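The next block holds one structure in the form of structure tokens; read it before the comments.
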Amino acid sequence: MRQTKVFFLVDSFGIPTSYSLLRTSNGIFAFDTRCTHAGAPTSLSGGQLKCPAHGSIFNPETGEVVRGPAVEPLKSYRTIEANGEIRIIIS
């Protein structure tokens with residue numbers, strides 16, 4: 001089973017951020033969806049996270065670069081699932 005969702009939130013400083021959550025049989029994985037090349041928000045398209053600014057493509061399961069110009073993977077976060085909630089650990 002594989003499900004990917006991208007969602008947006010505003011942090012306590014008022015900064016909007018988007019995250020990709022992926023659920024697989026190995027657990028739940030979270031990534032910051034900002035492109036590591038240009039900082040533009042990526043979007044889920046065709047099962048990949050794509051940057052509209054310069055065309056970088058990232059693997060939603062690993063955050064790794066599939067196609068540049070980005071060379072760095074997406075920032076990943078640890079997740080905890082409990083009581084029907086998924087928490088992204090940002091530290």
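None of the figures in this text is laboratory data; all of them are computed from the coordinates on show. What you see is a predicted model; the values in this text were computed from it and never measured. No Cβ is skipped: glycine too gets one built from the backbone with ideal geometry, and neighbour counts run over all protein chains shown.
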- Task: Step through the residues of segment 73-81 one at a time and calculate ³J(HN,Hα) from phi using the Karplus curve (6.51 cos²θ - 1.76 cosθ + 1.60, θ = phi - 60°), rounding each to whole Hz and writing x for Gly and Pro.
- Result: x, 5, 5, 9, 9, 6, 10, 10, 10
- Message: List the chymotrypsin sites (Phe, Trp or Tyr not before Pro) within segment 10-91 that DSSP assigns to loop and that have no more than 15 neighbouring Cβ atoms inside 10 Å.
- Response: Phe13
- Query: Along segment 14-28, what does the Karplus equation 6.51 cos²θ - 1.76 cosθ + 1.60 (θ = phi - 60°) give for ³J(HN,Hα), rounded to whole Hz, x for Gly and Pro?
  - Reply: x, 8, x, 9, 10, 10, 9, 10, 10, 9, 10, 5, 8, x, 10
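Around Thr33, with a cut-off of 15 angstrom between Cβ atoms, what is the net charge of the other residues, counting Lys and Arg +1 and Asp and Glu -1?
-1
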- Message: Explain nothing, just compute: Karplus ³J(HN,Hα) = 6.51 cos²θ - 1.76 cosθ + 1.60, θ = phi - 60°, for every residue of segment 33-40 in order, whole Hz, x for Gly and Pro.
- Response: 8, 6, 4, 6, 8, 10, x, 6
- Name the long-range amide H neighbours of Ala40: under 5 Å, sequence gap of 5 or more, or other chain; modelled H, no Pro or chain starts. Cys35
- Note on the structure: The relative contact order of the chain, taking Cα pairs under 8 Å that sit 6 or more residues apart, comes to a percentage of 20 percent
- Note on the structure: Least to most buried among Ser43, Ser12, by other C-beta atoms within 10 Å and fewest first, runs Ser12, Ser43
